[in-house]
Every structure is written in C-alpha cells, then in structure tokens.
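The values are calculated or read from the model by the stated rules, or taken from the named source; none is laboratory data. The model shown is predicted, which means the values in this text are computed figures rather than measured ones. Here the Cβ is made from the backbone with ideal geometry for all residues, glycine too, and neighbour counts use every protein chain on show.
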Amino acid sequence: MSEALSVSVADLRDAQVAGAQVVDVRVPVAYTREHIPESINVPYTRNGFAQQAAFYLKQEAPVVLVSDNTPLADFAAQELNRAGFTVQGLLDGGIAAWKQAGGPLAAVGQITADELSRMLQEGRTPRLIDVREAWEFNSGHIEGSEHIPLSQFGQRYGELQQDEPMVFVCASGARSGEAVQFLYRLGYRQVSNLVGGMAAWLAGGRRG
C-alpha cells in the first residue's frame with residue numbers, strides 16, 4: 001500500500017495556499033528544467049534524505065510530494081514521517097498531471113556564455129560568483145568575479161542577498177549548478193548558472 005495518499009492538482013493548489021510545503025523529490029536536472037512554482041527540490045537518495053530535507057523544510061508545515069516514481073516517493077514519505085514531518089500526500093500523476101491541468105511552471109535560471117557576455121557589454125552586470133577552488137580561480141576567471149569555493153558555500157551563503165541578480169561559475173557548470181540549487185531551495189530566485197562554465201566562456205574567445 002502506498003505510504004503517501006494521492007492528491008489531485010486542485011488539492012495540491014489548495015494545500016499550497018494553506019501553507020503546505022511542496023517537495024519535489026525528482027533528480028535535479030528534471031527539476032531545473034521545469035517544476036511547480038515555489039516547490040523545493042530535495043532529491044530522494046537512500047542515505048541522508050531526511051537530514052537534507054530537515055535543513056530546508058519547516059517541521060510544523062505539512063508536506064505534499066511531487067515525483068514521477070511512486071515507489072520512490074513512498075520511501076521519501078516514510079523517511080519524512082519518521083523524521084517528524086506530516087506528509088499530506090503525493091501529487092497523482094506527477095508533473096505531467098500538473099501540466100495537463102494547465103498549472104504554471106518555473107525553471108531554475110541558466111545563462112549561456114554568449115548571453116552573459118552581452119549583459120556585461122551592455123552594462124547589465126550581475127554579481128558573478130566563482131565557486132571553483134583557489135588554484136582554479138587564480139589561474140583565470142571572468143573579470144569582476146568574486147570567489148566563494150563550493151566547499152565553503154554552506155558557511156558563506158549568508159554573504160549573498162536574495163534580491164540581487166547573480167550568476168554562478170565553475171569549470172563546467174556542475175559545481176555552480178549545485179550552488180544555484182542550494183540557494184534556490186532557500187528561496188533565492190535571482191540566481192543563474194553559467195551553462196558550460198569557464199570552458200564555454202573561454203571557447204568563445206573570451207578572456208579569463
């Protein structure tokens with residue numbers, strides 16, 4: 001028997017208005033592409049899922065899960081219940097049902113090297129955060145970048161303001177993507193990941 005009761009799109013909307021937390025347990029790449037607005041991505045993993053969820057979620061607010069894999073969502077529900085959260089249900093039909101019902105979708109910000117280059121040329125300068133290690137940053141970086149290594153991000157993210165546009169950079173886009181996801185879960189919405197990282201930036205003949 002399913003651990004989480006199925007809820008309809010209408011039920012999820014009502015629950016969200018009433019203060020429920022919508023937790024999307026799909027893999028980050030799927031969530032980045034499209035997700036329910038204001039949902040939080042905590043990908044289900046066999047180890048540490050409940051502990052990770054507890055960092056981002058409020059214990060007193062009920063949870064509605066979103067997943068395209070019901071057995072996986074059941075495991076997530078079990079762990080959240082054991083950790084003291086109240087799981088209200090699982091969206092029946094997942095994101096596909098939400099889209100079919102005309103529900104709005106959001107996406108985690110991404111920006112290409114060409115788009116960033118145009119922004120800088122036009123004077124629309126976002127805050128640039130390079131999350132590589134010191135030796136990588138010192139070997140070359142986009143002019144004006146600040147250095148906050150991903151390894152220090154959990155301690156230093158408080159240096160960043162939620163309402164300022166930011167672009168995150170690493171070697172290939174993987175580590176900066178983790179930083180963006182981390183901030184996004186905490187409510188930052190003016191954050192974008194440089195697709196392809198410094199490799200894409202330099203491939204366009206730009207200096208670093």
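Numerical summary
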quantity: Gly177 vs. criteria crowded, with 19+ Cβ neighbours inside 10 Å and modelled with pLDDT under 95; calculated: yes
quantity: Which listed residue is without any contact (Cβ under 8 Å) to a residue 24 or more places away in the chain and among the polar types (S, T, N, Q), from Gln181, Gln161; calculated: Gln161
quantity: Flag for Arg207 being modelled with pLDDT under 95, farther than 22 Å from Val108 by Cβ and loosely packed, with under 15 Cβ neighbours inside 10 Å; calculated: yes
quantity: Output for the range 15-49, where each listed residue is surrounded by fewer than 19 Cβ atoms within 10 Å (Cβ to Cβ), of a type in the set (Gly, Ala, Ser) and touching a residue at least 24 places away in the same chain (Cβ under 8 Å); calculated: Gly19, Ala30
quantity: Check on Pro71, in contact (Cβ under 8 Å) with a residue 40 or more places away in the chain, surrounded by fewer than 16 Cβ atoms within 10 Å (Cβ to Cβ) and either touching a Leu at 6+ places or on another chain (Cβ under 6 Å) or not in a strand (DSSP E or B) (or both); calculated: no
quantity: Residues of the range 145-164 classified as in contact with a helix residue (DSSP H, G or I) (Cβ under 9 Å, 6 or more places away or on another chain) and either surrounded by 11 or more Cβ atoms within 10 Å (Cβ to Cβ) or among the hydroxyl-bearing types (Ser, Thr, Tyr) (or both), total; calculated: 10
quantity: Some residue of the range 159-166 being more than 18 Å from the chain's Cα centre (by Cα) and not charged (D, E, K, R); calculated: no
quantity: Where Gly102 falls short, out of the listed (1) at pLDDT 95 or above; (2) assigned to a helix (DSSP H, G or I); (3) exposed (fewer than 14 other Cβ atoms within 10 Å of the Cβ); calculated: (2)
quantity: The lone exception for Arg127 - which of (1) surrounded by 15 or more Cβ atoms within 10 Å (Cβ to Cβ); (2) over 30 Å from Gln161 (Cα atoms) it fails; calculated: (2)
